[in-house]
1. With the condition kept exactly as written, say whether any residue in segment 169-176 is of a type in the set (Ser, Thr, Tyr), surrounded by 13 or more Cβ atoms within 10 Å (Cβ to Cβ), touching a residue at least 12 places away in the same chain (Cβ under 8 Å) and more than 23 Å from THR150 (Cα to Cα).
2. So the check is Cβ under 8 Å with 6+ separation or different chains; which pairs have a first residue in segment 216-233 that's touching a residue at least 24 places away in the same chain (Cβ under 8 Å) and assigned by TED's automatic domain parsing to the domain that holds ASP197 and a second one that's loosely packed, with under 12 Cβ neighbours inside 10 Å and not in a helix (DSSP H, G or I)?
3. Select from segment 174-200 the residues that are touching a helix residue (DSSP H, G or I) at 6+ places or on another chain (Cβ under 9 Å) and in a loop (DSSP other than H, G, I, E, B) and write down the one among them that is farthest from HIS259 (Cα to Cα).
4. Would you mention how many residues in segment 172-204 are in contact with a Pro (Cβ under 7 Å, 6 or more places away or on another chain) and over 25 Å from HIS299 (Cα atoms)?
5. Could you give every pair whose Cβ atoms fall below 8 Å, whose first residue belongs to segment 184-197 and is outside the structural domain of ASP256 (by TED's automatic domain parsing), and whose second residue is assigned to a loop (DSSP other than H, G, I, E, B) and at pLDDT 95 or above, counting only separations of at least 6 or pairs across chains?
6. Would you be able to tell me the number of residues in segment 24-64 that are touching a helix residue (DSSP H, G or I) at 6+ places or on another chain (Cβ under 8 Å), aliphatic (A, V, I, L, M) and modelled with pLDDT under 95?
7. If a residue counts only when it is of a type outside the set (Asp, Glu), without any contact (Cβ under 8 Å) to a residue 24 or more places away in the chain and assigned by TED's automatic domain parsing to the domain that holds LYS167, which helices (runs of 4 or more DSSP H) contained entirely in segment 255-307 have at least 3 such residues?
8. Kindly indicate the residue of segment 59-80 that is in a helix (DSSP H, G or I) and β-branched (Val, Ile, Thr) and also surrounded by the most Cβ atoms within 10 Å (Cβ to Cβ) among those meeting that condition.
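The values are calculated or read from the model by the stated rules, or taken from the named source; none is laboratory data. Bear in mind that the values here come from a model prediction, so they are computed numbers and not experimental data. Cβ placement follows ideal geometry from the backbone for every residue including glycine, while neighbour counts extend to all protein chains displayed.
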Amino acid sequence: MSSNRLKGKRIKQTRATRRTLDDLHVLFTTFTHVKEAEGRAPGTLRQYRENFHYFIEYLNEKDIAHNLAALDTDIIRNYVLYMRNEKVKFEGHRFKKEKHMTIGLSESTINTRLKTLRAFSRYLYEERILDENPLLKVKNLNEPLEEIETLSLVEVKQLLNAPDKRKFSDFRDFVLMNVLLDGMLRISEALTLTINDIDFENNVIHVRGRNAKSRKYRIVPIQKQTSKLVIELITENKIDFDSEYIFLTNYGEPIDKDHFNKRLKSFARRAGIKKNVHPHLFRHTSATAALESGMDLRHLQLILGHSDLRMVMRYTHLSKQSLVDQQNQHSIIKQVVAPLNRDRKTNRNHF
């Protein structure tokens, strides 16, 4: 009789793989869902996932199980040592040459990857999944304050002259470079701009909170000629595409930052510029030029969208020549030496 009840039914012979409650992948997925619900920016969530992936790669290489036991202070410290002394920079990157693949990540990169683990561990502790936060005992690395590289005015002109403006993609990139330079925007902020984000009558860009790194809305004035370039690009777009986004690919989709970065480096080579040209370099260059031409720090802070004025002080780099000029102009020695610069004795008495 029992055989009749089983007739026609599928018989389970193998166990399905079941992830336990302390599986890092399950816990991390829940963590990202919570952070998304809290309003974290898409870019922040993407960075969380990338940095978690790097940590999992390390666990695989060291044959460490993907469970809560991996979030151990000693394991994390060994992970830091691995990133400093073993990890190959740009390993597996499609567009990087072998000469760039050196051993050891930068202090800022290591701290960025630790930042994700800190947020994850803090969440697990607050949810009482962990009894203590293992990252509290792991300190950030000291980051050397390197001189920020900028483009000279000549190099900016060379770069703007590199695109062939008769081609749609080159003209689009030319307009994007103008917007980045004039508005000092982050590349993520520029690429998410829609037609409704720009007030063409008053020449103002509205950076929406959802697209800003700080998650705070701000307005950014631009020059009239930049507005005209954007209008011209929008007109071009509407001939073939029905999209509210401004910077589109040849297929009508929003362009992504990696694609633009690759094209930007191509323009730099075409212009004969040897520096490492990337989208954020425009922000450095424009902020530095604004300070050197007399813009006050408070207004620059509002345009850049930094909540802390100290970030502007660190962010912008005054050229060596500007420092020399300022010192020459304001040195106390210049004020006192001239009155004291009387004729000196040509012969001195020696005792």
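1. yes
2. Filtered contacts from segment 216-233: LYS216/SER307.
3. Of everything passing the filter in segment 174-200, PHE200 is farthest from HIS259 (Cα to Cα).
4. Selection size over segment 172-204: 2.
5. Matching pairs, first to second residue: none at all.
6. Adding up the residues that qualify gives 1.
7. 257-271, 297-304
8. The selected residue is ILE76.
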